[in-house]
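The values are calculated or read from the model by the stated rules, or taken from the named source; none is laboratory data. Keep in mind that this is a model prediction, so the values were computed, not measured. Note: ideal-geometry Cβ built from the backbone for every residue, glycine included; neighbour counts use all protein chains shown.
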Ligand code: TRP
């Protein structure tokens, strides 16, 4: 082993979030709320709006700017405290792109070819016409994580393979250069996120791309709209069961109960203990009240922030400055290891 100082890292939560725009209740319960809840865990929390990943497929520049700010506004409105968490957009911290390039030279074509997300995204399409960036997407993601030695990476199941690849890249880097620099930490994949399903079809994910606006609750919906969508949500005609097992073949019922439990921060069993045996005509108004109570203040604050872009931009810039303080020494040490001549005082 070469005599390289081991990077000094401390436990950290890091996650990258795509600025895909049009935030729904699914984004809120599946990611935003969980991430915000983690900022009080005592571990440093870093959330990166991955605009560099976003451009692996075509993005209209105006839309990308809006979506980046909207996502940041969603987090802030949901309670992300910039004094506790670092929130920034990836392109403001050039170390991500730089380490991503180094990792492009570490990762092998064969590894990337085996990524199921790449295979899924190109299935039935002409892979030859996809961007090189889309293919290399996972090595930029590895750079995101390893720049911070994130020990907790809350992501969904679908990102597990990318996290394994991150370990492979760290291991090959260490091996090729004879160092023990990048940690092979086993990132913690957080337990199953609440999967919020369409209000019109309990077997499909709630999605901003569903043609029916009735199928989803948008984080920008006002109180009346939220309440109306819940009242009209599809259900079956049975009363609610008193145990979770009774939801097994009732996807619409299960979805509404899951949403209630997540919004109320209560286990499903406790929700059913309360509502078991009661009809949807009694459950839905309670769910609507709860959803409005939780979401209306968030959507109002999002709207306020979106009218104050400067405020959002300042928070992102400050977050980026803090991120650069963490990443600059890690990138410099990486460059030293691989033989890049560094800056000298002139
Ligand atoms: N690929 C992740 C997703 O689609 C987003 C992401 C980019 C990410 N970089 C990351 C997640 C680093 C966790 C850590 O959800």
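Please tell me if residue 36 is outside any strand (DSSP E or B) and under 13 Å from the mean Cα position of the chain (by Cα).
yes
For the stretch 51-62, a residue qualifies if it is exposed (fewer than 15 other Cβ atoms within 10 Å of the Cβ) and part of a loop (DSSP other than H, G, I, E, B), and the qualifying residues are 57, 58, 60.
Considering only residues in the stretch 70-87 that are out of contact with any strand residue (DSSP E or B) (no Cβ under 8 Å at 6 or more places or on another chain) and touching a residue at least 40 places away in the same chain (Cβ under 8 Å), the one that is nearest to residue 33 (Cα to Cα) turns out to be 78.
Taken across the stretch 205-212, residues that are within 11 Å of the ligand (Cβ to nearest atom) and in contact (Cβ under 8 Å) with a residue 60 or more places away in the chain do not occur at all. Does residue 111 count as surrounded by 13 or more Cβ atoms within 10 Å (Cβ to Cβ) and within 14 Å of the ligand (Cβ to nearest atom)? In short, no. Restricting the stretch 18-33 to residues that are under 11 Å from the mean Cα position of the chain (by Cα) and not in a helix (DSSP H, G or I), the residue that is surrounded by the most Cβ atoms within 10 Å (Cβ to Cβ) is 19.
When 90, 67 are checked against the criterion of being out of contact with any strand residue (DSSP E or B) (no Cβ under 8 Å at 6 or more places or on another chain) and in the same structural domain as residue 325 (by TED's automatic domain parsing), a single residue qualifies: 67. Within the stretch 196-206, the residues that satisfy the criterion of being over 20 Å from residue 75 (Cβ atoms) and either touching a strand residue (DSSP E or B) at 6+ places or on another chain (Cβ under 9 Å) or modelled with pLDDT under 90 (or both) are 197, 198, 203, 204, 205. Residue under question is residue 103, and the condition is that it be modelled with pLDDT of 95 or more, touching a strand residue (DSSP E or B) at 6+ places or on another chain (Cβ under 9 Å) and either closer than 30 Å to residue 338 by Cα or within 14 Å of the ligand (Cβ to nearest atom) (or both); does it hold? No, not satisfied.
Looking at 123, 97, 78, 73, just one residue is surrounded by fewer than 14 Cβ atoms within 10 Å (Cβ to Cβ), assigned by TED's automatic domain parsing to the domain that holds residue 142 and at pLDDT 95 or above, and that residue is 97.
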